[in-house]
Each structure stands twice: as structure tokens, then as C-alpha cells.
Amino acid sequence: MFEKATRLKLRFPFRGQCSTEDLWDLGVRQLDEIYKALNGQLKAQQGDSLLDEKSDANETLELQINIVKHIVSVKLAEAEARENAEIG
């Protein structure tokens, strides 16, 4: 997933554009903003037709969404691990 993103030189909508590696520097709330924007774009492109085929743009948006979701899940797991380390 990340190899494909870097080969495609994906950019994400955040204060202009940010790269895939820049996503790791953002907080989960900022990543959530990006997720909402990407998800909105995907829904707008998909429409409500049963006959629409997947376009390259839809595949790219799905890749971007999956990357953001993965980074958020990693960040949340790391935060939980830090909390558990402080408690235990």
C-alpha cells in the first residue's frame, strides 16, 4: 500500500497538499479531517448508479483512504500502549 502511494507520489488534501510521509507528523484529528475530505470526494465520484464502473480516480481515493485509516489505527495503538506503560 505504501509502496504504491510513494510510486504514485500521492498527495493528500491538508493545508494545500501533503505527502504520504507527512501524514505521520499529523495528529489523529487532522487525519480525520483528511479522511472526511477524501471520503466525501469518493462518494461524490461514485454516484448512485449500479452501472458505474470503478475508475482509476476511485481506486486512488480508496488507496488514500486506506492509508489514512492505517496511520490513524497505528497512532491510536501507540497512544494506548503509552497509556498502559504509564499505568503499569
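Descriptive notes on the structure:
- When the range 20-37 is filtered for residues that are closer than 17 Å to LEU61 by Cα, within 11 Å of the chain's Cα centre (by Cα) and loosely packed, with under 13 Cβ neighbours inside 10 Å, only LYS36 remains.
- Residue pairs whose Cβ atoms lie under 6 Å apart, sitting 6 or more positions apart in sequence or on different chains, and linking a residue in the range 55-83 that is open to solvent by 30 Å² or more (accessible area, probe 1.4 Å) to a partner that is assigned to a helix (DSSP H, G or I) and of a type in the set (A, V, I, L, M), are VAL72/VAL28; VAL72/LEU31; LYS75/VAL28.
- Pair list, Cβ < 9 Å and 6+ apart or interchain, from the range 33-45 residues that are small (Gly, Ala, Ser) to residues that are open to solvent by less than 100 Å² (accessible area, probe 1.4 Å): ALA37/PHE12; ALA37/PRO13; ALA37/PHE14
The values are calculated or read from the model by the stated rules, or taken from the named source; none is laboratory data. Keep in mind that what you see is a predicted model, and the values were worked out from it rather than measured. Cβ sites come from the backbone with ideal geometry, for glycine too, and all protein chains shown count toward neighbours. Each accessible area value is taken on the protein alone, full model and side chains, heavy atoms only, with ligands, DNA and RNA left out. Shrake-Rupley method; radii C 1.70, N 1.55, O 1.52, S 1.80 Å.
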